[in-house]
Amino acid sequence: MAFRDYFAVFTNRRIAAAMFIGFASGLPLALTGSTLQAVLSDAGLDVKTIGWFTLVGQPYTWKFLWSPLLDRFPIPPGRRRGWMMAMQLLLAAAIATMGGLNPAEHLMTYAVLALLVAFFSATQDIAIDAYRTELAHHEERGAAAAVGVFGYRMAMLTSGAGALILADTVFNWQQTYWVMAAIVAALAVFTFISPEPQTEARAPKTLQEAVVEPWKEFFSRRGAWLLLALVIAYKLGDAFAGSLSTKFLLDMGYSKTLIGEANKVFGLIATIVGGFVGATLMVKLGLYRSLLVFGIAQALTNLGYWLIATGGVPDPTLLFAAIACENLAGGMGTTAAVALLMSLCNPRFTATQYALLSALAAFGRVYVGPAAGYLVTQLGWADFFVFSVAVGVPGVLLVWAMRARIRELDVG
């Protein structure tokens, strides 16, 4: 296989569409998160009120509850693209309306609008995940995952750091939110011209079928419960290692500036590079070997934090090396994990099945924090990171145990 063939998978219209829909998915997130907190703070609201606003992100957690509606009811011009366009236009309207209001004077209206933005964004994500899954051919799943993550991260920078810079130097918050609304509206145009997935799957005929059949179909498969366990376990060690990383580095004596440069900026770049490296290697390795190799790598690279914990004095070189290795391996593992989720979805129920599978995959990232804090107290930092390596082992063993089943998924 020629070297250029590994990269050929990135050079088609389907992968370009996957990148832009990744951008569309990530853009609204900061506008109801970190950027919104800055808006509320500048408006003079107290920290308790700002704390309550963090709850507007709940639709992202519960989106699987209404995902069957997107499987059951297609909207022109395409089964998934119609929903994406509708949500993008609603997002543009809601974000623009937020820009036109002072939250200090219209607090409840502003809260409702923020909640609507999160709801429309979460619904868009359901459609985007289904669209990307149905759009990419099986050999393109790694590439679609990598460019999707890249687009998502770039969008978060745009509506996060980018919006803060715009509001501080060029525009006010009103104009900044209008710029973000205009970008979302432009993405609706791109969605309209994006390719339609080549699938002959029949949509559910009734809402009951859309709700019941996805789980009936999934659990009728051989090894269904083990596949679910793999989805949960594969990134669990990574989740433990990263859950308290900022607190850990502060305890080790690193400055906030150095942590920001290494953990946020350099780490983000390493994650993106890891995603593309992982996608490229998946062309050669296939899904099973990629999950196995990347899973081992993302477990073992947690030992970089163990080296920092046992080093005694802050060492910037060791810090950057540990973060580079951990985030490169994590990016590769994420690419393979997303490709796995894509392969597990039946085209008839992609929206519903992907929504719940992705919620299970995020279990560790969301819920390991309290357990991690307890373990650090009991074990100390060094032993905690050894423990995080051990937590990654079951996911790797499940990949090995399910190797025949995963190979079947890779050609389906």
Restricting attention to the stretch 9-36, the residues that are modelled with pLDDT of 85 or more, within 17 Å of the chain's Cα centre (by Cα) and open to solvent by 40 Å² or more (accessible area, probe 1.4 Å) number exactly 4
Filter the stretch 37-51 for residues that are in contact (Cβ under 8 Å) with a residue 40 or more places away in the chain and part of a helix (DSSP H, G or I); the one that is most open to solvent (accessible area, probe 1.4 Å) is D42
Cβ pairs under 6 Å, 6+ apart or interchain, first in the stretch 184-212 and under 30 Å from T97 (Cα atoms), second aromatic (F, W, Y), ordered by first then second residue, are F190/F20
- Kindly establish whether A143 is touching a residue at least 60 places away in the same chain (Cβ under 8 Å), over 22 Å from I50 (Cβ atoms), open to solvent by less than 30 Å² (accessible area, probe 1.4 Å) and touching a Cys at 6+ places or on another chain (Cβ under 8 Å). no
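Taking the stated definitions as given, is A114 over 15 Å from the mean Cα position of the chain (by Cα) and in contact (Cβ under 8 Å) with a residue 24 or more places away in the chain?
Judged against the criteria, A114 is a match.
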Margin query: Here is a check on your reading of the model: is G373 more than 30 Å from N346 (Cα to Cα), at pLDDT below 95, more than 25 Å from the chain's Cα centre (by Cα) and among the small types (G, A, S)?
Written below: no
Screening G304, G253 for residues that are in contact (Cβ under 8 Å) with a residue 40 or more places away in the chain and either of a type in the set (F, W, Y) or closer than 25 Å to T377 by Cβ (or both) leaves only G253
Scanning the stretch 79-138 residue by residue, the ones that are assigned to a loop (DSSP other than H, G, I, E, B) and open to solvent by less than 40 Å² (accessible area, probe 1.4 Å) total 4
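Report yes if L397 is more than 19 Å from G304 (Cβ to Cβ) and either of a type in the set (D, E, K, R) or surrounded by fewer than 15 Cβ atoms within 10 Å (Cβ to Cβ) (or both), otherwise no.
yes
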All-but-one check, M180 against (1) open to solvent by less than 30 Å² (accessible area, probe 1.4 Å); (2) in contact with a Pro (Cβ under 7 Å, 6 or more places away or on another chain), failing number (2)
The residue that is modelled with the lowest pLDDT, considering only those in the stretch 402-412 that are closer than 14 Å to V231 by Cβ and of a type in the set (A, V, I, L, M, F, W, C), is L409
Within the stretch 224-265, residues being touching a helix residue (DSSP H, G or I) at 6+ places or on another chain (Cβ under 8 Å), open to solvent by 50 Å² or more (accessible area, probe 1.4 Å) and aliphatic (A, V, I, L, M) number 3
Expected single match for more than 16 Å from the chain's Cα centre (by Cα) and not in a helix (DSSP H, G or I) among Y288, Y305, Y254 is Y254
Residue pairs qualifying under the 8 Å Cβ cut-off, at least six apart or on distinct chains, with the first in the stretch 343-363 being in contact (Cβ under 8 Å) with a residue 60 or more places away in the chain and open to solvent by 20 Å² or more (accessible area, probe 1.4 Å) and the second being among the small types (G, A, S) and part of a helix (DSSP H, G or I), are L356/S67; A361/A337
Quiz item: more than 25 Å from G142 (Cβ to Cβ) and not in a helix (DSSP H, G or I), is that true of G57?
Solution: no
### Task
Report yes if some residue within the stretch 275-283 is more than 21 Å from the chain's Cα centre (by Cα) and either under 30 Å from K247 (Cβ atoms) or not hydroxyl-bearing (S, T, Y) (or both); otherwise report no.
yes
Those residues of the stretch 169-223 which are over 25 Å from E134 (Cα atoms) and either in contact with a helix residue (DSSP H, G or I) (Cβ under 6 Å, 6 or more places away or on another chain) or assigned to a loop (DSSP other than H, G, I, E, B) (or both) amount to V170, F171, N172, W173, Q174, T176, Y177, W178, M180, A181
Taking the stretch 286-311 and keeping only residues that are among the small types (G, A, S), under 16 Å from L340 (Cα atoms) and buried (at least 20 other Cβ atoms within 10 Å of the Cβ), one is left with S290, G295
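The values are calculated or read from the model by the stated rules, or taken from the named source; none is laboratory data. Predicted model, so just to flag it, every value in this text is computed and none were measured. All Cβ positions, glycine included, derive from the backbone under ideal geometry; neighbour counts span all protein chains shown. Heavy atoms of the whole protein, side chains included, go into the accessibility calculation; ligands, DNA and RNA do not. Shrake-Rupley method; radii C 1.70, N 1.55, O 1.52, S 1.80 Å.
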